[in-house]
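Enquirer: Right, I'll just put the structure down here and ask away after.
Values in this text are rule-based calculations from the coordinates and carry no lab data. Bear in mind that the values here come from a model prediction, so they are computed numbers and not experimental data. Cβ atoms come from the backbone with ideal geometry, glycine included; neighbour counts cover every protein chain shown.
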Amino acid sequence: MNCKSVCAAAFLFLGTVLNAGHPAQAQASSPQARLSVHWEELTGPDFVQAIKRAQNTCLLPFGILEKHGPHMPIGSDLFNARYAALHAAEQQYAVVFPEYYFGQISEARHEPGTVAYSRDLQLALLQATTDEMARNGCKKILIVNGHGGNVSLLPYFAQSQLDKPHDYVVYIFNQRTPTTGGPKKKTTIDEHAGESETSKMMIVRPDLLHMDRATSESGADQHRLNLPPGVYTGIWWYARFPDHYAGDGSAATHELGEYQMKWWVDSVVKAIAAVKADDESLKLQNEFYEKSTHPLDTPQ
Ligand SMILES: [Zn+2]
């Protein structure tokens, strides 16, 4: 069977799909954009130029593989974090590390498709990754977090960089959703796979959303623990939202997604600029590492 016209259409479609979320390719005609922001798209010689142009600043968008309600893809956090990081790097040049989704997600191990690496491996892999990034010139590494379950892991990782000398600085950007402004929200519980996150996915990969299924499970808080504020235990999330759905994704709108994604991208742009301008952190780290080798000499 002659597939010429069918194949041409299929390739055209594939090309459109592959180009989605690849802003560098869309702007290939401008000389400023000749260097891709994607680490893996650069040639060796171009990588050297890219690190220079980025002023040694690199982004590590951090996702996860985890159920997102009945209607969103398992890779939602990865898609959203990469979209924000890639679009921000286009405006404020930085080199963006490839897909990374090896974070903390033990609480979703009962759901299909979850990939939960062990605690030791999460830390070891993240350290090896930032070490390798730094060996390749990324002396300022901004982790753009897309996953709520990483909120303890990432500050711990950054803090524990003080345990021994590193010739680079780890920064964390951990915001995804503006607290005020934009189109009025309809829901009060708006967390995992809820109104905001679903709205953002409408901008990033609308083709992967199944809005007709958004009400097929409940995202209500089940309140199954009764502990006073200040007492923490690891099963808290499972106690409240065992179906990995917290809110109501059916309330999502394109307008809210546009507002929130623009806010996220703008915020990462500002964070990159601040990181580039920060000459103090590495200086202070080095001073600290040196002093920590002889604490008895530190003035008391
Ligand atoms: Zn998510």
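Enquirer: Being closer than 21 Å to Trp264 by Cα, away from the ligand (no atom under 16 Å from the Cβ), in a helix (DSSP H, G or I) and touching a helix residue (DSSP H, G or I) at 6+ places or on another chain (Cβ under 6 Å) is true for just one of Ala88, Ala84. Which residue is that? Steps first, answer last, please.
Expert: Numbers: Ala84 fails: away from the ligand (no atom under 16 Å from the Cβ).
That would be Ala88, the only listed residue that is closer than 21 Å to Trp264 by Cα, away from the ligand (no atom under 16 Å from the Cβ), in a helix (DSSP H, G or I) and touching a helix residue (DSSP H, G or I) at 6+ places or on another chain (Cβ under 6 Å).
Enquirer: Out of region 153-173, which residues are surrounded by fewer than 16 Cβ atoms within 10 Å (Cβ to Cβ) and either of a type in the set (A, V, I, L, M) or within 16 Å of the ligand (Cβ to nearest atom) (or both)?
Expert: Leu162
Enquirer: While we're on this one: If Trp237 satisfies every condition in (1) touching a Phe, Trp or Tyr at 6+ places or on another chain (Cβ under 6 Å); (2) within 16 Å of the ligand (Cβ to nearest atom) but one, which is the exception?
Expert: Condition not satisfied by Trp237: (1).
Enquirer: Continuing with the same structure: Could you tell me whether any residue of region 104-121 is more than 14 Å from the ligand (Cβ to nearest atom), closer than 21 Å to Lys270 by Cα, touching a helix residue (DSSP H, G or I) at 6+ places or on another chain (Cβ under 9 Å) and not hydroxyl-bearing (Ser, Thr, Tyr)? Before the answer, list the steps.
Expert: Restricting attention to region 104-121, the residues satisfying the condition of being more than 14 Å from the ligand (Cβ to nearest atom) are 106, 109-110, 112, 115-121.
When the remaining residues are screened for being closer than 21 Å to Lys270 by Cα, the result is none.
No, because not a single residue in region 104-121 is more than 14 Å from the ligand (Cβ to nearest atom), closer than 21 Å to Lys270 by Cα, touching a helix residue (DSSP H, G or I) at 6+ places or on another chain (Cβ under 9 Å) and not hydroxyl-bearing (Ser, Thr, Tyr).
Enquirer: Hey, another quick one. Out of (1) in a helix (DSSP H, G or I); (2) out of contact with any strand residue (DSSP E or B) (no Cβ under 7 Å at 6 or more places or on another chain); (3) of a type outside the set (Ser, Thr, Tyr); (4) over 24 Å from Thr114 (Cα atoms), the odd one out for Trp237 is which?
Expert: Unmet for Trp237, out of (1) in a helix (DSSP H, G or I); (2) out of contact with any strand residue (DSSP E or B) (no Cβ under 7 Å at 6 or more places or on another chain); (3) of a type outside the set (Ser, Thr, Tyr); (4) over 24 Å from Thr114 (Cα atoms): (4).
Enquirer: Right, another one. Please verify whether Ala214 is under 17 Å from Asp248 (Cβ atoms) and within 16 Å of the ligand (Cβ to nearest atom), treating the condition exactly as stated.
Expert: Numbers: under 17 Å from Asp248 (Cβ atoms): yes; within 16 Å of the ligand (Cβ to nearest atom): yes.
When the stated conditions are applied, Ala214 passes them.
Enquirer: In addition: Select from region 122-152 the residues that are buried (at least 19 other Cβ atoms within 10 Å of the Cβ) and assigned to a loop (DSSP other than H, G, I, E, B) and write down the one among them that is farthest from the ligand (Cβ to nearest atom). Let's see the steps before the verdict.
Expert: Residues of region 122-152 that are buried (at least 19 other Cβ atoms within 10 Å of the Cβ), as a first pass: 122, 126, 130, 133-134, 138, 140-147, 149-150.
Filter once more, so that each one left must be assigned to a loop (DSSP other than H, G, I, E, B): 138, 146-147.
Values: Cys138: 26, Gly146: 7, His147: 6 Å.
Restricting to residues being buried (at least 19 other Cβ atoms within 10 Å of the Cβ) and assigned to a loop (DSSP other than H, G, I, E, B), the top hit is Cys138.
Enquirer: So, in region 153-178, how many residues would count as being part of a helix (DSSP H, G or I) and either farther than 25 Å from Pro73 by Cβ or without any contact (Cβ under 8 Å) to a residue 24 or more places away in the chain (or both)? Give the derivation first.
Expert: Step one: list which residues in region 153-178 are part of a helix (DSSP H, G or I), which gives 153-163.
Still in the running and either farther than 25 Å from Pro73 by Cβ or without any contact (Cβ under 8 Å) to a residue 24 or more places away in the chain (or both): 155-163.
Looking only at that region, the number is 9.
Enquirer: Please find, within region 56-81, the residue that is surrounded by the most Cβ atoms within 10 Å (Cβ to Cβ) out of those that are more than 10 Å from the ligand (Cβ to nearest atom) and not in a loop (DSSP other than H, G, I, E, B).
Expert: Across region 56-81, the extreme among qualifying residues is Leu59.
Enquirer: So, Ile203, is that one within 16 Å of the ligand (Cβ to nearest atom) and either hydroxyl-bearing (Ser, Thr, Tyr) or under 24 Å from Ser106 (Cα atoms) (or both) or not? I'd like the intermediate steps shown before the answer.
Expert: On the way: within 16 Å of the ligand (Cβ to nearest atom): yes; either hydroxyl-bearing (Ser, Thr, Tyr) or under 24 Å from Ser106 (Cα atoms) (or both): no.
Taking the combined requirement at face value, the residue does not satisfy it.
Enquirer: Name the residue, out of Val268, Val275, that is in contact (Cβ under 8 Å) with a residue 40 or more places away in the chain and over 17 Å from Asn56 (Cβ atoms). Steps first, please.
Expert: Working: Val275 fails: over 17 Å from Asn56 (Cβ atoms).
None of the other options fit; the residue is Val268.
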